[in-house]
Amino acid sequence: MKLIFLAQFHRALNEQISIKTYDMVIRSQFAVAKYLQKHPTIPVLDESLLTYENYKRDDLTSYFIEAFPTGIPDKLEDLNSTQKEFFYNNGGTMVAYQLGYIRRVYGSLHPSMLKTVNENIAEYIKDDGPLSKLDDEIMYEREKEAMSCVQEVIFEEDPKFPKN
């Protein structure tokens, strides 16, 4: 099984963003969705999710279908303003999933790690700590957690993969 990491820009925590940043995010998320559209059978992990049980098609699907009545346009410049907002606010993985281009999305973070990460971030924000220190202290553990989730997905998706 091949593992591919799709580097991407995603929605900023800070709601005050430039047009250039907004366009970068849309361009990036559109590219992710188009890649997933071309590779519908690959397992997909999304860094913004908890375990995959939390990510199912639901009542929101109708909103995505309404926004993309003929699917994802072939070219970025064919996106209308509503579709751009969907890409910006939801990401390319969610758009591709809700429109049925991919069959399943797995999370890359277990609830216990989410709690730890959120507590640490809240503490840094409260203390005005430097985000670079936050990265050093939290992200290493966060990335180890993501690799554990990758391993779980491989075990589930490929029964022949050795589990030792």
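Of note:
- Distance in nm between pseudo-label sites at MET24 and PHE5 (7 Å out along the Cβ direction from Cα): 1.9
- Restraint check, LYS34/LYS160; LYS2/LYS84; LYS2/LYS115; LYS2/LYS34; LYS20/LYS75, Cα-Cα greater than 27 Å: LYS34/LYS160; LYS2/LYS84; LYS2/LYS115
- Calculated P(r) of the range 19-107 - Cα pairs past 16 Å, %: 49
- Computed E for ASP78/LEU114 - FRET, C-beta separation, R0 30 angstrom, nearest 0.05: 0.25
- Extended-chain gain in nm, criterion 0.36 nm per residue less alpha-carbon gap, ILE65 and GLU47: 4.1 nm
- Footprinting exposure proxy for ARG103, ARG11 (fewest neighbouring C-beta atoms within 10 Å first): ARG103, ARG11
No value in this document is a laboratory result; all are computed from the given coordinates. Because the structure is a prediction, the values reported are computed rather than measured. Reconstructed Cβ throughout: ideal geometry from the backbone, glycine too, with neighbour counts over all protein chains shown.
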